[in-house]
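Just so it is clear, none of the values below were taken in a lab; they were calculated from the coordinates. All values reported here derive from a predicted model rather than from experimental measurement. Reconstructed Cβ throughout: ideal geometry from the backbone, glycine too, with neighbour counts over all protein chains shown.
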Amino acid sequence: MKKYIKIVCVCVILLFASSAFAGQWVWKPMSINGKKGDIVITTGEGFIMDLLSMLGAYYSHCGMLIDDGYTIRHNTMYANEIPIEYNYIWFIKTTPKRLNPFKLSNGMPGIITEDINTAYNGNPDHVMFKAAGGAVIKPVDALESAYRGYLNAAANVITNLVAYYRVNAYVNMFQLDNVNYYIAGRGNHCSGTVWHANYFAGKPMNVAYIPVNITAVCAESLYTSIINMVRDDAGGFGSFILDLEGFFGTGGDERIANQICNTFAFDRSTDTSSYWRGRVPAATANAPDHNLMSTYTNPAGHNMGVQTETSSYYGKVEPLVITNGYYYWVE
Amino acid sequence: MIFKKYKTAIVIIGACVIALGIILYIKKPQNGSKTAAEINDSGYINLFQFMSFSDEVKKQEEIDVSKFAAYEMEEANMIKRVILEKNPVCANEDVLVTVVAANPHGSDANLMYRISNKPGNPAILRFRRAGPREFFVVVRDNANHIDFRKVPIAVQECERQTYVILRASLSNLKQDVVEFEVTEQKGLTGKCEYSWNFGDGLYSTTQTGSISHSYARREQTQFQTTFTVSVAVTDAEKKHGIGRATVSLPNLHYISSVMGNPTVPMIYEQFPELKNSIYELPVAMKNIYDEDITFQTADIEYKPCDSSGMTETRRIDAGVLLANTVLPRRGTVDTILSFDKSQLPPFTCNLSIRLSGRMRGVTEVVANMHISIPPSGRDSVDEGRDAVVKDDEMINKLNRAAEILGRDRPITPDDIRRLEKEGKL
């Protein structure tokens, strides 16, 4: 009897062993041509891009690699997930009032970590990065080994930063704290977050100053762009508002455009009036292009960068190359 | 007596107070933190943010703006005319907008355009809803001059039999690739045929309303190149409609050369094919310059499958790697890149190749390539990053894809998508 039990046991072990080593599919993740601490910049669509293009910017978003080409950390807001608030007559929902002011002012998810596959190929409503036209900013070859340690330190800082996305940071960038929890009314935008990662790691990079005559045009362009997005259902929060607007004649699209302009310029996210007109202040903030060297001509034909060899470790711009992820079989 | 009566309630309240105290203590900013002073006031708002919202101006860090570099732009009169193909225009109808501009501060070739939300000139715009509308046209030079104009346009509802809406978007995953999709078509019934004109002299016909196209072989003589693309859709009853879109691509290699670092566009697939212990990969090299180029050296980084391992670097003659190393001016050379498997360091999964050469024997020119070699065995798996596929549905798809494509080659998400579209998975 014992003999048979032994045979059965051996058979069972062999069965498990053979199934365990019969081969399997393995996923090799996507990566890009950057190292820990490099800045990844990308172009895109939407009203932020329209706003920045008024400044000659080509890029609309950026983030920082927190390892050698596999994982990126960046500050973003899912604009199409901001709830719409409505007016009520008694308990009956009537007309759209505005976007939720708190969520507009303090954008979520804020600073997040994504693998390259998710950042470039994830949920289409959330993807902020595009390969076409994308680039990686890194030290020049001659200074790579000298600077890499500093960039690693900046990447370690951004890894621990937690904050909201703040559209108002496009006017005043200095509102991010070196903490790992959300603080209402504090945070930054994408390039401001990258700037602060370097700043908290000991490297204050240059900052752009945009005079009033240009910010006024930017605000006007932003307003027009949002109106068009709402009416043409291209912005993610458009059609429902417009349908109601057409029925009740409430001017919901103009209110929301005003609200966004007021939030950008003054963080007045509860204000749906045209308060911003004629009042937009000068801006002290970096767009993604401002992380570039002042000698670099971006694909929009502009020398928009404000960095110099002394203000920044990032002297080289490489076209982005994605090494696609793939499945492979191992025996 | 009272304590005994309300003992449970007092204990619960006491526990809550202690818990709140602990939370507040944990949330307190660390001493010495650079911004502790600012966040002392606001640091606890987060706990109650679900029921609070303040519109007050928050305390900001003081900053001396004058110590930072200023980026000043000047308005200049550059836009001469904005030509609308038609005005008024129907809702959902394509309208071609062309800007006529002149650069008083330099060459007109240096002007850059943005029409509404489209980079480039001309641009196809489309308005979905009727009413008086307006959009911005922005023209900039490559210095600090900018000009803009707000353009009014009347959009009206029309009784139209057919229309086609074409959307063009830059690929998320590939440089120089544009994805086109017919997002809406009205008045066309049954099975349709789609005839594509990509605007670069190339054409295609499909049975579905989506296609991707690579513009990697385009000439690069300016900062951006704009293409006008059209699709003619014909249904079973021979009714047809046309959709148009413009797409503008940045010429990164040209820009790189303007910056003093000329680079050569290389067109190739990610995976080489293994034939008799030799890896081979077809490569197209596009010389976008007015001088002949000869590649002389190749610096190769051999990256191990285990991403935490050490990279090995070698320099070899470019001729050892490429069958053809000479690129005539403005020409495209199709050649084969090959290397011996036995000469790879063990467990190599990625090769970064940097080809270096000269134009007219003087100016240095480079070309970069990134090639993947899938792991060949269990000992090549990157334990830290690679993930074993455990989803049964995915495993079945991969097995079916491997039957069609072969098990020796890697399977990409693109392969899966393509086979799914073809109904083979």
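Close amide H partners of A:Gly122, meaning residues 5 or more places away or on another chain with modelled amide H under 5 Å apart, do not exist here. Residues in region B:148-154 carry Karplus couplings, in order, of 9, 8, 8, 10, x, 8, 9 Hz; the curve used is 6.51 cos²θ - 1.76 cosθ + 1.60 with θ = phi - 60°, and Gly or Pro positions show x.
Along region B:300-313 the Karplus relation, 6.51 cos²θ - 1.76 cosθ + 1.60 evaluated at θ = phi - 60°, assigns HN-Hα couplings of 10, 9, 9, 9, x, 4, 7, 5, 8, x, 7, 8, 10, 10 Hz to successive residues, with x for each Gly and Pro. Cysteine residues of chain B whose Cβ has no partner cysteine Cβ closer than 4.7 Å: B:Cys16, B:Cys192. With the simple spin-label model, which puts each label point 7 Å out from Cα in the Cβ direction, the A:Glu254 to B:Ser214 separation comes to 5.1 nm.
Once a ≥ b ≥ c are taken as the square roots of the eigenvalues of the Cα gyration tensor of chain A, is the result rounded (a/c under 1.5), prolate (a/b larger than b/c) or oblate (a/b not larger than b/c)?
Working: a/c = 2.47, a/b = 1.43, b/c = 1.73.
Judged from the Cα gyration tensor, chain A comes out oblate (a/c at least 1.5, b/c at or above a/b).
Over chain B, dividing the summed -39,500 (n - 2.57) contributions of all DSSP H runs of at least 4 residues by the number of residues returns a 222 nm mean residue ellipticity of -4500 deg cm²/dmol. Close amide H pairs (under 5 Å, H built 1.01 Å from N) link B:Val389 with A:Trp25, A:Val26, A:Trp27, residues at least 5 positions away or on another chain. In this structure, the amide hydrogen of A:Tyr296, modeled 1.01 Å from its nitrogen in the peptide plane, lies closer than 5 angstrom to those of A:Gly305, counting only residues at least 5 positions away or on a different chain.
Apply the a/c threshold of 1.5 to the C-alpha gyration tensor of the protein assembly as shown and tell me whether it is rounded, prolate or oblate. Cα axes put the protein assembly as shown in the rounded bin.
Here the 3J(HN,Hα) profile of region A:98-106, calculated from phi with Karplus coefficients 6.51, -1.76 and 1.60 at θ = phi - 60°, is 5, 7, 4, x, 5, 6, 6, 6, 10 Hz, Gly and Pro shown as x. Which of rounded, prolate, oblate describes region B:107-203, given a ≥ b ≥ c as roots of the alpha-carbon gyration tensor eigenvalues and a/c under 1.5 marking rounded, otherwise prolate only if a/b is larger than b/c? Note, shape of region B:107-203 comes out oblate. Averaging sequence separations of C-alpha pairs under 8 Å and six or more residues apart, then dividing by the length of region B:282-420, give the relative contact order as a whole percent. In percent, rounded to a whole number, it is 25. When you restrict to C-alpha pairs under 8 Å that are six or more residues apart and normalise by the size of chain B, the relative contact order lands at 9 percent.
Computed over chain A, the per-residue total of -39500 (n - 2.57) for DSSP H runs of n ≥ 4 gives a 222 nm mean residue ellipticity of -10500 deg cm²/dmol, rounded to 500.
Normalising the average separation of contacting C-alpha pairs (under 8 angstrom, six or more residues apart) by the number of residues puts the relative contact order of region A:53-188 at 25 percent.
Counting, for every residue in A:128-138, the Cβ atoms of other protein chains within 10 Å of its Cβ and taking the mean gives 5.
Within chain B, which DSSP H helices have Cα atoms that stretch 15 Å or more along the helix axis and a mean Kyte-Doolittle hydropathy of at least -1.0? What comes out of the filter, once short or polar helices are dropped, is B:7-27, B:392-405. Of the GluC sites (Glu not before Pro) in region B:334-425, the ones in a loop by DSSP (not H, G, I, E or B) with at most 12 other beta carbons within 10 Å are B:Glu383, B:Glu422.
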